[in-house]
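The structure under discussion appears below in the form of structure tokens.
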Amino acid sequence: MSKILQKLSFDEVCDRLSEKKNTIILFHVRPDGDAVGSALAMKLLLEASGSSAWCVCGNEFPQRLAFLNDGIQKSSLAESIPDSFEIERVISVDTASSSQLGEMYEIFGDKIDFMIDHHAKGEPYADYYVAQDAAAAGEIVFDISREMLKRGTIKEIPERLDFCLYAAISSDTGCFKYSNVTPKTHICSAEILKSGIDTAQINRLLFDSKSMEVLAVEKAGFDTLKMFHNGKIAVVFFTYQMKQKLGVLDEHLETLIDVARSVEGVDVAVAIRQPGPEKTFRVSTRSSNAVDVSAVCSYFGGGGHVRAAGCTIVADSIEHVADLVVTEVEKQIF
Ligand SMILES: [Mn+2]
């Protein structure tokens, strides 16, 4: 029997979070700046309100985001939960569907109290608060933090909280460049800036500095670039063989899609990568105009936002995956 999931109001979320409980905060696999930033901010917030909290993910905190978790929590793996930590509550942030929790769903799935998210096309797996107009989960955690301050649940905004939230918001908006940015996004950021954190440094670390591994991936990815539909669709590949040859990790492949997206005239960018030797391919898509890539990815069982979505496809070759995806994108263009 599946339990009936309840849609929560903002106040109900704040009420539940105000209860002092040892809390596990889950966030999605292949974590990005929003997942890590909003989870860490939630930990700081809960600790300030008298709860204990620990962030957990199926993957380790990515190396490139180490500036966020450094000094707050060393590891995000389930093994890192202290033995003395008696779990009383499990929540998730920035995670639209249970599959995005990876193996953590098997461990914690039936214990999740509620989820806080901002994705339009998710499948709730617990009681949920989903603010689809929020550019990042960080924006929601920002609102919660200010509400808890107003209520007196916390006495002050914890040190580092705004730092984590700014990184979360900047990360999910591509440094305030994407179409998900709203006046509210800037209002949150303006409030955060008042705390005097070095936002230029955060943005440099998030966007203007890349490891040699990431640059090697982009270089190799550039050589695979293929254009379709009169230059409106750009596709880049990254096979398991390339991954082994360059000795890079999955976390180094995140900007691969930017190679396709940066080509002049491109409306839809597609990055296809093969994480392991199996014929299972991860597809990321980005749209710069009205093309709904979440519809494309939903067709293959995935999901995401209108302009940023992903799916997994099993096929005999990476070229075949490209054909399948391009055909679906073309249906959306017309
Ligand atoms: Mn997000």
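Where a number appears in this text, it was derived from the coordinates with a stated rule and is not lab data. A quick note: this is a predicted structure, and the numbers were derived from the prediction, not measured. Cβ: placed from backbone, ideal geometry, glycine included. Neighbour counts: every protein chain shown.
When a footprinting reagent is the concern and you count Cβ atoms within 10 Å, what order do M148, M42, M227, M104 take, fewest first? Mind showing how you got there, number by number?
Numbers: M148 20, M42 30, M227 14, M104 26.
Neighbour counts put them in this order, fewest first: M227, M148, M104, M42.
Only counting other Cβ atoms within 10 Å, I'd like F334, F207, F114 sorted with the fewest neighbours first.
Working: F334 4, F207 15, F114 21.
Least crowded to most crowded, the residues run F334, F207, F114.
For F10, what charge total do you get from the other residues with a beta carbon under 9 Å from its beta carbon, if Lys and Arg give +1 and Asp and Glu give -1? Could the numbers behind the result be given before it?
Details: positive: none; negative: D11, E12, D143, E147.
Surrounding charge for F10 is -4.
Arranged by the count of other C-beta atoms within 10 angstrom, fewest first, what order do D172, D83, D223 take? Don't skip to the end; give the middle numbers.
Values: D172 27, D83 5, D223 10.
Taking fewest neighbouring Cβ atoms as first place, the list is D83, D223, D172.
Principal axis extents for the chain, Cα atoms only, whole Å, descending order, please.
Each principal axis gives a Cα extent; for the chain these are 58, 49, 40 Å.
Measure nothing but the geometry: give the 0 to 90° angle between the long axis through the Cα atoms of 318-333 and the longest principal axis through the Cα atoms of the chain, rounded to 10°.
Its long axis makes an angle of about 80 degrees.
Here is the link list: K177/K279; K226/K279; K43/K121; K210/K331; K7/K177. Which ones come out longer than 28 Å on Cα distance? Intermediate results must be reported in sequence, preceding the final value.
Working: K177/K279 35 Å; K226/K279 20 Å; K43/K121 26 Å; K210/K331 35 Å; K7/K177 31 Å.
The answer is K177/K279; K210/K331; K7/K177.
Within 12 Å, Cβ to Cβ, of V130, how many net charges do the neighbouring residues add up to if Lys/Arg are +1 and Asp/Glu are -1? Spell out each step's value before the answer.
Working: positive: K7, K121; negative: D94, D117, E123, D127, D133.
Here the count lands on -3.
I'd like the isolated cysteines in the chain, meaning no second cysteine's beta-carbon lies under 4.7 angstrom from theirs.
C14, C55, C57, C164, C175, C188
Between the helical axis of 137-151 and the dominant principal axis of the chain, each derived from Cα atoms, what acute angle in degrees is found, rounded to the nearest 10?
Helix 137-151 sits roughly 10 degrees off the main axis of the chain.
Within the stretch 1-102, list the GluC sites (Glu not before Pro) lying in a DSSP loop whose Cβ has at most 12 other Cβ atoms in a 10 Å radius. Display every interim value, and only then the final one.
Working: sites: E12, E19, E47, E60, E79, E86, E88; in loops: E19, E60, E86, E88.
For GluC sites (Glu not before Pro) across the stretch 1-102 that sit outside H, G, I, E and B with at most 12 neighbouring Cβ atoms in 10 Å, the list reads E86.
If you average the alpha carbon positions of the stretch 269-316 and of the stretch 82-130, how far apart do those two centres end up, in angstrom?
About 23 Å separates the Cα centre of the stretch 269-316 from the one of the stretch 82-130.
So for the chain, taking the charge dipole from beta-carbon charges (+1 Lys/Arg, -1 Asp/Glu), which of I318, V217, G304 sits furthest toward the positive end?
So the residue furthest toward the plus end is V217.
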